[in-house]
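Peer 1: One structure follows; several queries about it will come next.
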Amino acid sequence: MLKRFKSVSMILLAGALGFNGNAFANPNTGNPAIDISQQDTKVTGTVEDEFGPVAGASVVIKGTTTGTMTDMDGHFTLEGVKKGDIIQISFIGFATQDIPYTGQATLNVKLAEDAQKLDEVVVTALGMKRDKKALGYAMQELKGDELLSSREPNLANSLSGKVSGLQIVRSSNGVGGSSKIVLRGNNSLTGSNQPLIVVDGTPMDNFTGGVDDVWGNSGADMGNGLSDINPEDIESMTVLKGASAAALYGSRAGNGVILITTKSGKKNEGLGITVNAGITTESIFLKPDLQNSFGQGSVGAYDNQSRLSWGPKAEGQMVSDWLGRQVPLKTYDNIDAFFNTGTSFNEGVSFQQNIKGVQSVLSTNP
């Protein structure tokens, strides 16, 4: 009887131990794959376009507020990513990319330009790119092709009729004459009313005319500052209107700012060499009406030393000229003799290419 009781006790003890073991083991059982997928991991990568790294691109986990931005070299580090998440990468002017995360440790993303979105991006103060709809001030942007349509030798004249509120005051000195820019009217009676010109972040002065002497007489017209810039080298031009638009440039920008962005090396098919040539002719539009009936002199009397043309009626009669020679009296058209048909030639060669990330731009316009 004692042996039987001892056997039963051992069986009950073994059963209790087995039950307790299962009770502690069950919480640790499960699908290992499901546990790993729920772990937060860190993803690193690089964002580039066809020219190289993209700085300031947004990298976020879609549907969350977790995200980061690329540095100056296009690198990013995104934490808190789980399998099944969608990594969304976006930048102004480029198509947004959604990349499913499947456990990869690094991502190398190449963005493609979105032509529709690129038209909505403008260059604002200090060269920053902004969405046109997000601006709170008046501005207008012109692409380089729009400036070339008029084929003006002076870049300032190319703005005529293309920007609202902008007036170009041209001189009558021909191709090399200066042109003044006035934006939204004159603001000063004694100072300059021209806007500030900024070329790739460098301010410049659109000076006009020559240097006044001590008596206030202007010297030879040496052209204006913008005439030194080749229109073929311009990628875009942005006109900032009003004080709020140009506030970042200080008091010098009180009359507005014209931002000029020059071309940079980009990938082109072939050698990337462009040759352009143009010819422009011009003639006088209006001239004053002059009388051609009376010869040299005044009050009907001939005088070979006079600068007037109110002498006797010129009918071919012989008179003595200022050298003492006998010549027929006749009139001359000095205006048509001075103003001929003007002709200007414009030839240029440019090289623009991107070779393995190295941007190269070279142009000449003799």
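Peer 1: Look at G225 and say whether it is touching an Asp or Glu at 6+ places or on another chain (Cβ under 9 Å), over 30 Å from G52 (Cβ atoms), modelled with pLDDT of 85 or more and surrounded by 15 or more Cβ atoms within 10 Å (Cβ to Cβ).
Peer 2: No: the conditions fail for G225.
Peer 1: May I ask you to verify whether M128 is of a type in the set (A, V, I, L, M, F, W, C), modelled with pLDDT under 85 and in contact with a Leu (Cβ under 8 Å, 6 or more places away or on another chain)?
Peer 2: Taking the combined requirement at face value, the residue does not satisfy it.
Peer 1: Out of G297, G311, G265, G278, I need the residue that is on the phi > 0 side of the Ramachandran plot and either surrounded by 15 or more Cβ atoms within 10 Å (Cβ to Cβ) or small (G, A, S) (or both). Which one?
Peer 2: Only one candidate qualifies: G297.
Peer 1: With the structure loaded, tell me whether Q353 is within 30 Å of M204 (Cβ to Cβ) and either under 59 Å from the mean Cα position of the chain (by Cα) or of a type outside the set (G, A, S) (or both) or whether it fails that test.
Peer 2: yes
Peer 1: Oh, and also: Quick test of your reading of the structure: L166 fulfils all but one of (1) more than 18 Å from the chain's Cα centre (by Cα); (2) modelled with pLDDT of 85 or more. Name the failing condition by number.
Peer 2: Exception for L166: condition (1).
The values are calculated or read from the model by the stated rules, or taken from the named source; none is laboratory data. Because the structure is predicted, anything quoted here is derived from the model rather than measured. Don't worry about glycine lacking a Cβ; one is built from the backbone with ideal geometry, like all the others, and counts go over all protein chains shown.
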